[in-house]
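The values are calculated or read from the model by the stated rules, or taken from the named source; none is laboratory data. Owing to the predicted nature of the structure, the values given are computational and were not obtained by experimental measurement. We place every Cβ from the backbone using ideal geometry, glycine too, and count neighbours over all the protein chains shown. Please note that ligands, DNA and RNA were not included when accessible areas were found on the heavy atoms of the full protein model with its side chains. Shrake-Rupley method; radii C 1.70, N 1.55, O 1.52, S 1.80 Å.
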Amino acid sequence: MFMFPTYFQLGFEHITDLNGYDHMLFLLALCGAYVYSSWKKILILVTAFTIGHSVTLALAVLNIIPVNIAWIEFLIPLTIVATAVKNIVIQIEKGTIVTYFMALAFGLIHGMGFSNYLRSLLGDELIMPLLAFNVGIEVGQLLVVAAIFLIQFTLIKAISVKHKTWKLSVSLVAGGISLLLAAQRIPF
């Protein structure tokens, strides 16, 4: 029997679980290039990521695409490093379209990371649990993004941190931690 709240909660916790902080690092790097007033662009970016995540998650759960979990666990932090590097190298005005495609493509990679576990939970019914799971992911991501922008707003308004300093700082932190994660997960 399908239980929307159960799969919604699973998707929500997949993003907000502090033990799986790589998703939060990705969102931090993704949001790092933007200011809180660009919330519409961020909503599109987060949704592009969720679409990519949803597509490969469904394809992997349905055994349509093969998943080598060791390679996926290695590639996930590399997507964060790439996003952080993009923040530092490409100015946002020139990089918006690139960023949307990166978010979508990196969502494709991240979607495969949870597929084995989710496949083991699903019974015969797939579509509605996958939908509930992905809605939970989107809501969880929006909550994390709201927290990131609340911190950014506070730092910029309260202690006059420049946006350029914010962008460089969060990109270096997210990229540096992710580079260490990738080094620990080299699959050979």
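Annotations
- The set of residues in the stretch 8-59 that are of a type in the set (Val, Ile, Thr) and either farther than 15 Å from Ser171 by Cα or modelled with pLDDT of 90 or more (or both) comprises Ile15, Thr16, Ile42, Ile44, Val46, Thr47, Thr50, Ile51, Val55, Thr56.
- Condition met for Glu93 (modelled with pLDDT of 90 or more and not aromatic (Phe, Trp, Tyr)): no
- Output for the stretch 99-140, where each listed residue is in contact with a Gly (Cβ under 9 Å, 6 or more places away or on another chain), open to solvent by 50 Å² or more (accessible area, probe 1.4 Å) and farther than 26 Å from Lys86 by Cα: Val135
- If you filter the stretch 35-75 down to residues that are free of Cβ contacts under 8 Å to residues at least 60 places away in the same chain and within 12 Å of the chain's Cα centre (by Cα), you find that the one that is nearest to Val144 (Cα to Cα) is Leu45.
- Look at (1) at pLDDT 90 or above; (2) out of contact with any Gly (no Cβ under 7 Å at 6 or more places or on another chain); (3) buried (at least 18 other Cβ atoms within 10 Å of the Cβ) and you find that Trp71 fails only one, number (3).
- Flag if Ile97 is under 17 Å from the mean Cα position of the chain (by Cα) and either assigned to a loop (DSSP other than H, G, I, E, B) or of a type outside the set (S, T, N, Q) (or both): no
- Residue match in the stretch 153-165 (condition: in a helix (DSSP H, G or I), within 17 Å of the chain's Cα centre (by Cα) and surrounded by 13 or more Cβ atoms within 10 Å (Cβ to Cβ)): no
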